[in-house]
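A short worksheet on the structure shown next.
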Amino acid sequence: MSDPELGPQLDPLLTDATRLSIAALLAAGEWAEFGFVRDSTGVSDSTLSKRVSQLSEVGYVEVRKGYVGKRPRTWLSLSAAGRAALGAHVAALQRIASRVDRPAARPS
Amino acid sequence: MNETPTPDQARDALRDVQERRRQATEAAAWPRWWWIGGGAFLIVLGVVFELSPGFARTWGTIIVCALLTLAAISTTRRGHALTGRQVGVGHRPAPANWGVAILAALLLTAVVFVASKWNLPHVGVIVDVVGGVLMAVAGPWWERRVIERRTAGVE
């Protein structure tokens, strides 16, 4: 994820806005309910399932299913690998974003 | 396909990350009315214990054990679901928090010791009223601060 000279690199999986939102939501806590992530990102159940599957295939997201009373629940969590990938991705985004802030260097 | 975002797109993405973090922090916190209800319960309990020492002797331990059990259950996934919290944060206290907790426990013990030595009147109810008001007023602020510290790391 990181180049010694260029610094952290963008994660191709997280360049998708929905996947980045999912990862950011999960990074803020230890776990989150599927319904919360769906409502927060504003996507459908099937879209979220698909995105979560893509993230869990590479080991970024872990899925746990259970029941509260008789109602089935799904909990999502960001793995250590997912947190590292998100951290590197955010650092890369910050580097790109800072190019606007940095005034052009004057030629000496 | 070039997927490198422009600086503006990167800024938008960073804003989105911050917004998602804020959403998750909100969802992890107890609803404010739980804090207010908890504070009111503590005050009522203190007054009842003060007015009826017999009730305190009979039910005090049971009530405290029940409250501790409820507090433990509330930290589980199911407990979160039952109390309307959809995000769970870790419960691993930082080393610095242990120091603060030990200091607070020592302070509380010292206050109780001094109060019992000097035979101060109404100490129990005063502690409960102050604790209840603090819980209702400062509880949500304190919880948000703790959650934000725990979730810090992805800026």
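Yes/no per residue for (1) exposed (fewer than 15 other Cβ atoms within 10 Å of the Cβ); (2) modelled with pLDDT of 95 or more; (3) at the interface with chain B (Cβ under 8 Å from one of its Cβ atoms):
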| site | (1), (2), (3) |
| --- | --- |
| A:Glu30 | no, no, yes |
| A:Ser46 | yes, yes, no |
| A:Ser53 | yes, yes, no |
| A:Tyr67 | yes, no, no |
| A:Arg71 | yes, no, no |
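Residues that are at pLDDT below 85 and part of a helix (DSSP H, G or I): does segment B:130-143 have at least one?
No, the conditions are met nowhere in segment B:130-143.
Give segment A:61-88 a look and list any residue that's under 11 Å from the mean Cα position of the chain (by Cα) and closer than 23 Å to B:Glu26 by Cα, or say none.
A:Val61, A:Ser77, A:Leu78, A:Ser79, A:Gly82, A:Arg83, A:Leu86, A:Gly87
Scan segment B:50-67 and give yes if some residue there is under 15 Å from the mean Cα position of the chain (by Cα) and buried (at least 18 other Cβ atoms within 10 Å of the Cβ), otherwise no.
No, that holds for no residue.
Mind checking which residues of segment B:85-129 are within 14 Å of chain A (Cβ to nearest Cβ) and either part of a helix (DSSP H, G or I) or modelled with pLDDT of 85 or more (or both)?
B:Arg85, B:Gln86, B:Val87, B:Gly88
Give me a count of the residues in segment B:2-45 that are among the small types (Gly, Ala, Ser), more than 7 Å from chain A (Cβ to nearest Cβ) and more than 25 Å from A:Arg38 (Cβ to Cβ).
4
The values are calculated or read from the model by the stated rules, or taken from the named source; none is laboratory data. Note that the structure is predicted; figures quoted are calculated from it, not measured. Because the Cβ atoms are built from the backbone with ideal geometry, glycine has one as well, and the counts that use them run over all protein chains shown.
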